[in-house]
Each structure stands twice: as structure tokens, then as C-alpha cells.
Amino acid sequence: MISKNLTAASTKPIILGILKQGSSYGYLIIKKIKELSGGSMKYSDGMLYPVLHRLEKEGLIESKWTVNDESRPRKYYEITSEGKEALLAEKTQWTQVNAVLNELWGLETKTN
Amino acid sequence: MFNLEKAIKSWLKKFYKHSAFNHGAIREMELHLRDHIEDLLSEGKAEEEAFLTAVTEFGDIKIMAKEEYSNLKRKTTIRSIIYTHMFNNYFKTLFRGMVKRPLTSFINVFGLAVAIGICMVVYSFMNNDYSIDRFHTNKDHVFLTTFSVESDGDLENYGKSPIPLGEMLQKDFASIERVCRIKDGNVIMKVNDKVFNERIRFTDPEFLDMLTFPLKWGDASTLSDLNSIIISEEVSIKYFGDENPVGKNMLMKVDGSNKKTFKVAGVAKPFPKSHIIDFDFLVNFENLKELKSLNSFTDWKYLVDATLIQVDDPANIASVKTGMEKYKLLQNQVEKDWAIVSFDFVSINDLHLASGDIVDDISFDGTYEGRVTLPIIAIFMIMLACFNYINIAIVSASRRLKEIGLRKVIGANKKLVTIQFLTENLVITFFAGILGLVLAMSIFLPWFVDLADMPLELSLLDQKLWIFLLGTMIFTGLISGIYPAFYIAKFDVITIFKGSVKFGKKNTLTKVFLAVQLILACVGITGAVMFAQNSSYQASRSWGYNQHDALYAAIPDYSTYEQLTSLMNQNTDILSISGSEHHLANSMSAAVIHLPDRQYKVKQLSVDANYFYTMGLELIAGREFQKDFESEKNSIIINEMMAKDLGMSDPIGNSFKMNDISYEIIGIIKDFHFNNFYYEHQPTVFNVANKSDYQYISIKAKEGSQKDVYMDFQKNWATLYPETPFKGGYQEDAWGEFYEELGIMEKFTTAIAIIFVILTCLGLYGLVKLNIAGRIREFSIRKVLGADLKSIAYNVAKQYVLLSFIAILLGAPISYLLITANIDLMFPDPRPFGYSGVIISVFFLLSILVLVIATQIWKVLKSNPSEGLKVE
């Protein structure tokens, strides 16, 4: 199980990452995260929405309601170009952290 | 059965409790939940289970709301930027408007500034009044002992107390920490060649511990030394100049014969401005024995001027009060005529405010009328200024219709327009507040201080002043701004642009306000006129005796009287000389008369046989005292009022007991005013004074020779008593303060009336001007079509004529009632002037109204119609 803090910190890149692949709506995004993490990232579904709304206010994503005749209306979120830049920045940061950790643990296995 | 729809609905309700979620967000949540439930159902779960799982996985709504709310807050920073721009725009509009319409801006700002300035003066007055004698460290613990006596059915409070009380209180109550007695006395003080009549305080050494006046030089504890004297800074400068007088001698002469040299042991720092209780000289209380020939301090009949106590805890004063019963018994055994009903204590914090109801206390309340009338005047001023503002705002709104319409079209709602106008108003009031403070400090307050001779000030360092000013500004700003703001915000955009809005011209409220202003102006003018009438009436009233020809002087003893008389008798301009123990307007005593059915309190004056002729007191029945004093020992002369009160058909020849001696009434004199006209006639008796008790000499001079006789009088005094300063003067000067006060009242009411009238006229002027400006095309067309003076004047004035008529019809009786009630409250005797004051005022007010309107009509007549038609 991934810790609460880490989950919270990673929500932003994860959401942006998912939306990069194509616009989506809240329930679908949650479902995707659960699938990808194999259930190891567990948090209450509701907490996703404040994050989405915040990202929207920051201009990283955009939303629009779509009404379809056959299904329910949905609020679709779409990543903006600013959001893409932000995702890139997040990616670099996470890769750096990842590299540091890999190096550390790689060294450890060597000394062992 | 589980109902899924119902369950979802009730779950959604939880979101509505939180303001963080808007409708869209809640809808989004609903869709999420429905999607989730649908998925779970397709997995084969039951409805209830699916719902519960979805809700559980959704999580706590409260935490979500908190998170969402922090998003909202971030949003306000963006909004606040918009607001800053918005307000900047408002200010710009306001300033441009003010510059463009200088007249209305002036009327608004100046009117409000005058009103706020007057409020600041009233603040200064009230602040001073409520801080009097409240600077002593122990103020919450120090109390004055008072007692109440029944007098003709009413309880009268006295601030004096029997001399033994102080010592006994100290012994009997553990909660009383300190006691100090105060007895004031008149003495002559001499230092080198400086000799003055002075008033000194005999008091206990605790005085300066209880009333903590700080000393500039010397030591407060020296008051326990019988030979020490502590003086005020003023006295120190008077006798010793700028040098430190500690250690120097002062010679005190009391009652002509007793003398004692005191050593200056301390000089007080200047007393704070807000004070009443103070001192010139302090000497130890024990000196009373030697200097006032008092054998012991155990006589319950002897009253001191004050007994102050200091308790350990203010709450204990109640228990001290209940323990006073035994002293009451002791006192009442000795003084049966003045039986005490109860003792009481008044905190020195409240003493000044309470002393209007306490007779003979060490404090006094000279500001009662001010405390009542000044706040009312201030409120009237604010009302006048606010009405001006409201009227002008409503009428001038017609010039801003397009602006309001435009704002509304580009998205301003009612709330925003209201906010805009309220902001404008608060900014104007802010200017007015600052200007008002400047006006108060530079004009109003100095004028008032000079007029009323009160130590008032406005200090910019005073925190309360700023709070009061801010409060007044916000109050005034809201009161004057709310109605116009709502009124203007209400307009419909479409009608504005159609040009079919007509308002401001027929607004009922504007008319009501104008009427109230006219009524207030009427009250103001009536006040000024009637106070002036009252002053001249009071000046011409008879005192009931001949004060013009009489001179008097205080004398220490009978030998002085004899020596002076023998010298003065050589002056042929002198018609009569009289010696007395008491003297009109200066000194009298009180006595209780025992009638068969009741006790009757009277004022008593002991005089000699010449007194009635000398002072011009008129005998209306019986006879005066005869020269032979011994034979008149039991004769008494009463005044008219007492004769009436006694209820006898012919009082002469009747007898009654007074101070255990039986007296026979031999004459009745016409009522006279012992004190000034604030006081009613009092039942008074005259008896023959013992020669050894003489304290006054009075002289009647031939008409026209008063001045020469007075010079001779003073010259003779100076040759006989070079060491004793002369204390006396013209009898008619005795009421100097009273006439001075009448003059102050007259000036004050005139000033208030002028301000009332100016504010009202400014408001009216602004209204008429704006109204005409709004109808300039109409008037131009009328002129082109040949309208003459009569028709133009009728068209301009018609809406004001009826209004003024109604206002004056209401204002005249209101003014009359208010002002006469005010005068009757101050002067007990009936006032002979009737409606003339109101008639003069109404006439005056009408002339001003006509003048204001006429100037505007004149302008319309003079204007070129082709210019007027060009106006958009």
C-alpha cells in the first residue's frame, strides 16, 4: 500500500498523465488510476474532484459538459498546453527522484 | 425495500450543506456515483450493496468540502484584483464628478464637515465632563459621605457631615482604610508686602494619599505637621514667583484676631484640566482648634465641608452604609430640627455628575444643561447635513442616469451600483470628517472654549477621539448614503435609455426632508430670538430691592464696623449705613420654624434696623425694626411668600418658635431675590443681629454718587486696614456671573441658529439650483414662447411654496413649545414675552427662503434661452 502523502503528491502527475492520453471524466479517471496501480493506490474517490477543480482553476486542464443522447451527461476534462508543460516538469522531477532512489538502492545491492 | 433513487438523493443532500460546492460540482458527484453503482450492478451486486460500496469508496464529504473550499479561497485573489480595478474606477468617477460639480460637492462636504466638526466639539465636552476628577489613583475606593434630610416632604441630600463622624468611622469599620475631613475657611494670607483674601482647606494628612495630586516640590507627608502648608502651583507663583518656596513663611490671619505663621512644605503640580476638586492651601485639620477657636471635634452640631473615606474594596461600601444607623441616632439626638433620614456614600468618580442633587458638596455640576442639549444639537446638525446630502444625491442622480445605465448594461447588478454609491458616500464623508476635525480644532472649539470658559481640548493623540471620529464618519456615511444608493440602484436600464425616467423632481422623501430642515431652522432661529428676548427681559427685571445704590463689604468684626461708620458718616453722599451678620446675595442661614401643625424650613438673615432702608427692601405691612436693639430681640420680619405660606389672614402679631426662641411677627416685606433669577423666591425671616456677629457693612449712596462713595469707601478702608485686603463692591455686581451666563446663552443660541440656517439654505439652494438645471430646456422654451416673470417665478417656486408653508405651520408651534420649555426649565418665574419671538423668526426664515428662491428665478430670467436650448 502506498502511503497517503505519496499518493497525494503523485495525484497531479497521474491525472495530467491520464488526460494526456485523451480527455476523460471523473469516474473514468479514478477507474484508470485504480487499474494502473493494481489497487495499491487507495484513496477515497471523492478526493479526486477537488484536485480536478484546482487544476482547472490553475489553467492546467479544461472542462466541458457533453450531453449525449444515449448516455448520461458527462463533464469531460482535457489537458491544456500549460498542463502539458506542467506534466513535463513533473515528469523531470519524478524521474530525478526515481534516479536518485534507483542509484541508492542499486549501490546498496552492490555492497551487499 | 431499499430505494436506490431515494438513497442517492439523500446522499446528495449532504453536499448542499457546504457552500463550497456549486450546482455543477454536485451534479458531477451524482454522475460519478451513478456510474460507479452501474458498474457494480453489472458485476452482479445487489442495489443496496452496490450503493453502500460506492458511497464508502467515495469517502468523507466533509474533508472534500474543506479541500474544495481552499480552492475557492484561491479564487478570491483573482476576484480581488477585479475589485481593486472596480473601486479605482469608482474613485475616478467620484473625483471627476466632484470637480465637475463643485457646488454640490461643496454643499455635501461642507455640510457634513460642519456637522462632524460640531460632533467633535460635543465629544470634547462630554469627554471632559466624564473625566472630571477621575485621575486619582484611588478613585474607585474613595467616597464622599452624604446625608439626607426631609424637607417639606422631599428628601434633600447634603454633602457636609458632622465633625465627629470621620474619627468614629475610622475606628468602627475595618474595611475603611483612610478617612479625611475637609473644612474650608476664609483667611487673609500675607507674604512680605503681598496680602490677599484667600480660601484655605483644613484637612487631615490623608488628603493627599486619597486624592493623589502630585507635588512639584516638597513632600506630601508634611501635612501631618501642624505648622506646614501645602499650596497649589498658582498660589506659589502668585506669592513667590518662579522660585521654589519650600521652607518659606506665610502669615495667616483668621477672623481678624487669630494669626499663625506656616512654613511652605509642598507645592502641587498644575492640576489636570478636567478637575473640580482641588485646593489653594492645605493645612492640618487640627489647626481648626487654634485658628477657629474650636475646643473639641466631638460636637455633632458642627458640620465639616466633607468627610471622605477610602475603603479597601469598593464592594464593601454597602456594608459600611448599613452600619451607619448608630451615627444617625447620635446625630438626631443633637439636631432634632434637621433629623437625618440616612447616610450615604458617593464615589468621587460620580461626584461631579451627582452633585446637581447634593447640596453643599465639595464638587459641583455646572454642565448639566450642556450634557443634555449639546448631544441633541449634534444629532440635529448631523440630520441637517445628511438630509442635504440625501436630497442632493437624489436630485443630482438624474445627471448620472447614463452612467448608471451604462454600468448596468455592462453587467453591474443592483448590489454593485449600491456599493458604488455607498463607497462614493463613504469617501465624501471621510473628506468631511477630516475637514470637520480641522474646523473643530481651528474654529469651533476655540470659539466654544472662549465663550463657555471651559478647559476643553481635542488631542490628536487621544485614541478615543479617532474611534469617535471614525464611528461618526461611518454612521453619517451610511445614514446619508443608504437611501440614495438603493434609490439609484433600483432604476431600470431600458427606461433610462428610453429617456422616460423622471425622478428627483417629485420625490416625497426629498420634500419631507426639506420640511424637517425648515422646521429645524425655525427652531434654531426661534431659540436665538427668544434667548435674546429673555436676556433683555432678565436684565430689566427688578431684584426686589434697590441694588443700584448699594455698596457692601465683608468685615471681620464689630469694631471694624464702628471705625468705618465713623469715617464714612462724614461723606454727605451717603444716605445710610447698616451692619449685619448676613447679606443679600452673599450670606444667609437656614432655620426651622415650629408651627402648631408642622415644621417649616426658612432662610434667615440677621440684620440691623437700617438694613431695609439701606438695601431698598420694601415694607408692605407692619413696621421695621427700631433703633433700640434690645427691645427687638424677639421681633421678626417675614417676606410676602412666607406670609402666604403661613396661611394666616393677618400674620402680624403672631408668634412662633425658632431655634428655641419665641418670635413675634412685626412686619412683612415684599418678596425679593436673594439669589439670581435661576432661583425661586424662598420663605425668609429677618431678625436683629447681635453686634458681635456683624460680618457685613452696607451703604446706600445718593443716586449718581455711587462711584465717588465707592472710592471713598476703599480709601477709608485702606487707611484703617492697610494689611487687610478690601472685600466688597457694588451690590449690582453680585450677579455678574448670572448676566454673563445670559450673554453666553444668547451668543451660543445665535451661533447654532446661524449654522442651522446656513445648512438649510445651502441644501435648499442646491435643490432649487439642480431642479432648475434639470428643467433649463423647459424654461428656455417657455421664455421663447413669451413667458413673463410671473409665470417663470410661479413655475420655479410652486413646489416650494406649499412645502414651506406646511413646514412653517408645523415649525412655529414646535419651536415655540421647545424653546419656551427650555427657558421655563431654567427660569422658574413666568416669562412675559409671548409669541413675538416665533413671529419674528418665521418672518426671518421666510425672507431667507424668498431670497434663496428669488436669486434662482432671477438667474433663469437673465439666462439666454438659446443657451438653455443647447443643453443636452
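State all residues of segment B:6-32 that are outside any helix (DSSP H, G or I) and either among the basic types (Lys, Arg) or more than 12 Å from chain A (Cβ to nearest Cβ) (or both); if no residue qualifies, say none.
B:LYS17, B:SER19, listed by residue number.
Of the numbered conditions (1) under 21 Å from B:ALA54 (Cβ atoms); (2) within 14 Å of chain B (Cβ to nearest Cβ), A:SER40 satisfies every one except a single condition; which is it?
(2)
Only one residue in A:GLU56, A:GLU35, A:GLU85 is more than 26 Å from B:HIS18 (Cβ to Cβ), in a helix (DSSP H, G or I) and within 14 Å of chain B (Cβ to nearest Cβ). Which one?
The unique qualifying residue is A:GLU35.
Table: residues versus (1) touching a strand residue (DSSP E or B) at 6+ places or on another chain (Cβ under 6 Å); (2) free of Cβ contacts under 8 Å to residues at least 60 places away in the same chain; (3) closer than 28 Å to B:PHE421 by Cβ.
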| position | (1), (2), (3) |
| --- | --- |
| B:LEU4 | no, yes, no |
| B:TYR16 | no, yes, no |
| B:ALA25 | no, yes, no |
| B:MET29 | no, yes, no |
| B:GLU38 | no, yes, no |
| B:PHE58 | no, yes, no |
| B:PHE87 | no, no, yes |
| B:LYS100 | no, yes, yes |
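With (1) at the interface with chain A (Cβ under 9 Å from one of its Cβ atoms); (2) surrounded by 14 or more Cβ atoms within 10 Å (Cβ to Cβ) as the list, and B:VAL109 as the residue in question, which single condition is left unmet?
All conditions pass for B:VAL109, except number (1).
Which residue, of B:LEU456, B:LEU460, is outside any helix (DSSP H, G or I) and open to solvent by less than 20 Å² (accessible area, probe 1.4 Å)?
Sole residue among the options that is outside any helix (DSSP H, G or I) and open to solvent by less than 20 Å² (accessible area, probe 1.4 Å): B:LEU456.
May I ask you to list the residues in segment B:281-328 that are acidic (Asp, Glu), farther than 26 Å from B:THR261 by Cα and assigned to a helix (DSSP H, G or I)?
B:GLU325
Search segment B:370-398 for residues being of a type in the set (S, T, N, Q) and farther than 15 Å from B:GLY527 by Cβ, and hand back the single one that is surrounded by the most Cβ atoms within 10 Å (Cβ to Cβ).
If we filter segment B:370-398 for residues that are of a type in the set (S, T, N, Q), which is where we start, we get B:373, B:388, B:391, B:396, B:398.
Adding the requirement that they be farther than 15 Å from B:GLY527 by Cβ leaves B:388, B:391, B:396, B:398.
Numbers: B:ASN388: 29, B:ASN391: 26, B:SER396: 22, B:SER398: 17.
This residue is B:ASN388.
Tell me the residue from B:PHE87, B:PHE95, B:PHE135 that is of a type in the set (Phe, Trp, Tyr), outside any helix (DSSP H, G or I), away from chain A (no Cβ under 14 Å) and over 30 Å from B:LEU40 (Cβ atoms), please.
Numbers: B:PHE87 fails: outside any helix (DSSP H, G or I); B:PHE95 fails: outside any helix (DSSP H, G or I).
It is B:PHE135.
Does segment B:186-235 hold any residues that are without any contact (Cβ under 8 Å) to a residue 60 or more places away in the chain and closer than 13 Å to B:LYS263 by Cα, and which are they?
Hits for segment B:186-235 are B:GLY218, B:ASP219, B:THR222, B:ASP225, B:ASN227, B:SER228, B:ILE229, B:ILE230, B:ILE231.
Can you pull out the residues in segment B:49-63 that are more than 12 Å from chain A (Cβ to nearest Cβ) and under 26 Å from B:PHE21 (Cα atoms)?
Scanning segment B:49-63 gives B:ALA50, B:PHE51, B:LEU52.
Do we have A:GLU62 as in contact with a Ser or Thr (Cβ under 7 Å, 6 or more places away or on another chain), within 11 Å of another protein chain (Cβ to nearest Cβ), open to solvent by 40 Å² or more (accessible area, probe 1.4 Å) and without any contact (Cβ under 8 Å) to a residue 40 or more places away in the chain here?
It is false that A:GLU62 is in contact with a Ser or Thr (Cβ under 7 Å, 6 or more places away or on another chain), within 11 Å of another protein chain (Cβ to nearest Cβ), open to solvent by 40 Å² or more (accessible area, probe 1.4 Å) and without any contact (Cβ under 8 Å) to a residue 40 or more places away in the chain.
What are the residues in segment B:681-720 that are assigned to a helix (DSSP H, G or I), open to solvent by 60 Å² or more (accessible area, probe 1.4 Å) and more than 17 Å from B:TYR558 (Cβ to Cβ), if any? Let's see the steps before the verdict.
Here is the first cut: in segment B:681-720, the residues assigned to a helix (DSSP H, G or I) are B:691-693, B:706-720.
From what is left, the residues that are open to solvent by 60 Å² or more (accessible area, probe 1.4 Å) are B:691-692, B:707-708, B:711, B:714-715, B:719.
Residues satisfying the conditions are B:LYS707, B:ASP708, B:MET711, B:GLN714, B:LYS715, B:THR719.
How many residues are surrounded by 20 or more Cβ atoms within 10 Å (Cβ to Cβ) and not hydrophobic (A, V, I, L, M, F, W, C) if we restrict to segment B:465-493?
Matching residues across segment B:465-493 total 6.
Of all residues in segment B:85-101, which are open to solvent by 80 Å² or more (accessible area, probe 1.4 Å) and either modelled with pLDDT under 75 or not polar (S, T, N, Q) (or both)?
Matches in segment B:85-101: B:HIS85, B:LYS92, B:PHE95, B:ARG96, B:VAL99, B:LYS100.
Might you check whether a residue that is open to solvent by less than 60 Å² (accessible area, probe 1.4 Å), within 16 Å of B:ILE176 (Cα to Cα) and among the β-branched types (Val, Ile, Thr) occurs anywhere in segment B:318-329?
Yes, there is a match, as at least one residue in segment B:318-329 is open to solvent by less than 60 Å² (accessible area, probe 1.4 Å), within 16 Å of B:ILE176 (Cα to Cα) and among the β-branched types (Val, Ile, Thr).
Looking only at segment B:740-755, which residues are of a type in the set (A, V, I, L, M, F, W, C) and over 18 Å from B:THR820 (Cβ atoms)? Write out each step before concluding.
Taking segment B:740-755 first, the residues of a type in the set (A, V, I, L, M, F, W, C) are B:742, B:744-745, B:748, B:751-755.
Listed by number, the residues that qualify are B:ILE744, B:ALA751, B:ILE754, B:ILE755.
Is there a residue being basic (Lys, Arg) and within 32 Å of the chain's Cα centre (by Cα) anywhere in segment B:280-293? Spell out the reasoning first.
Let us first name the residues in segment B:280-293 that are basic (Lys, Arg), namely B:289, B:292.
Add one more test, that the residue is within 32 Å of the chain's Cα centre (by Cα), and what stays is none.
No, because not a single residue in segment B:280-293 is basic (Lys, Arg) and within 32 Å of the chain's Cα centre (by Cα).
Hey, does segment B:375-387 have a residue that's touching a Pro at 6+ places or on another chain (Cβ under 6 Å) and over 30 Å from B:LYS259 (Cα atoms)?
no
Please verify whether segment B:722-730 includes one or more residues that are touching a residue at least 12 places away in the same chain (Cβ under 8 Å) and part of a helix (DSSP H, G or I).
In the first step, residues of segment B:722-730 are kept if they are touching a residue at least 12 places away in the same chain (Cβ under 8 Å); the result is B:723-730.
Checking the rest, the ones that are also part of a helix (DSSP H, G or I) come to none.
Checked segment B:722-730: no residue is touching a residue at least 12 places away in the same chain (Cβ under 8 Å) and part of a helix (DSSP H, G or I).
If I ask for residues that are open to solvent by 20 Å² or more (accessible area, probe 1.4 Å), of a type in the set (A, V, I, L, M) and more than 22 Å from B:ALA521 (Cβ to Cβ), which ones from segment B:761-797 would you list?
B:ALA773, B:ILE776, B:ILE781, B:VAL784, B:LEU785, B:ALA787, B:LEU789, B:ALA793
Consider segment B:34-48. How many of its residues are buried (at least 17 other Cβ atoms within 10 Å of the Cβ) and either in contact with a Gly (Cβ under 6 Å, 6 or more places away or on another chain) or within 10 Å of chain A (Cβ to nearest Cβ) (or both)?
Residues that pass the stated criteria total 2.
Need pairs with beta-carbon distance below 8 Å; first residue on the phi > 0 side of the Ramachandran plot and surrounded by 14 or more Cβ atoms within 10 Å (Cβ to Cβ) and within segment B:612-638, second hydroxyl-bearing (Ser, Thr, Tyr) and in a loop (DSSP other than H, G, I, E, B); sequence gap 6+ or separate chains.
That search, which allows pairs on different chains as well, returns B:GLY616/B:TYR545.
Considering (1) in contact (Cβ under 8 Å) with a residue 60 or more places away in the chain; (2) touching a Phe, Trp or Tyr at 6+ places or on another chain (Cβ under 7 Å); (3) open to solvent by 30 Å² or more (accessible area, probe 1.4 Å), say which one B:GLY356 fails and leave the rest.
Unmet condition: (1).
Is at least one residue of segment B:833-845 assigned to a loop (DSSP other than H, G, I, E, B) and either open to solvent by less than 50 Å² (accessible area, probe 1.4 Å) or among the hydrophobic types (A, V, I, L, M, F, W, C) (or both)?
The answer is yes, given that some residue of segment B:833-845 is assigned to a loop (DSSP other than H, G, I, E, B) and either open to solvent by less than 50 Å² (accessible area, probe 1.4 Å) or among the hydrophobic types (A, V, I, L, M, F, W, C) (or both).
Which count do you get for residues in segment B:642-680 that are free of Cβ contacts under 8 Å to residues at least 60 places away in the same chain, open to solvent by 30 Å² or more (accessible area, probe 1.4 Å) and closer than 30 Å to B:VAL334 by Cα?
7
The values are calculated or read from the model by the stated rules, or taken from the named source; none is laboratory data. What you see is a predicted model, and the numbers here were worked out from it, not measured in a lab. Neighbour counts are summed over all protein chains in view; Cβ atoms, including those assigned to glycine, are modelled from backbone coordinates with ideal geometry. The accessibility values were calculated without ligands, DNA or RNA, using every heavy atom of the protein model including side chains. Shrake-Rupley method; radii C 1.70, N 1.55, O 1.52, S 1.80 Å.
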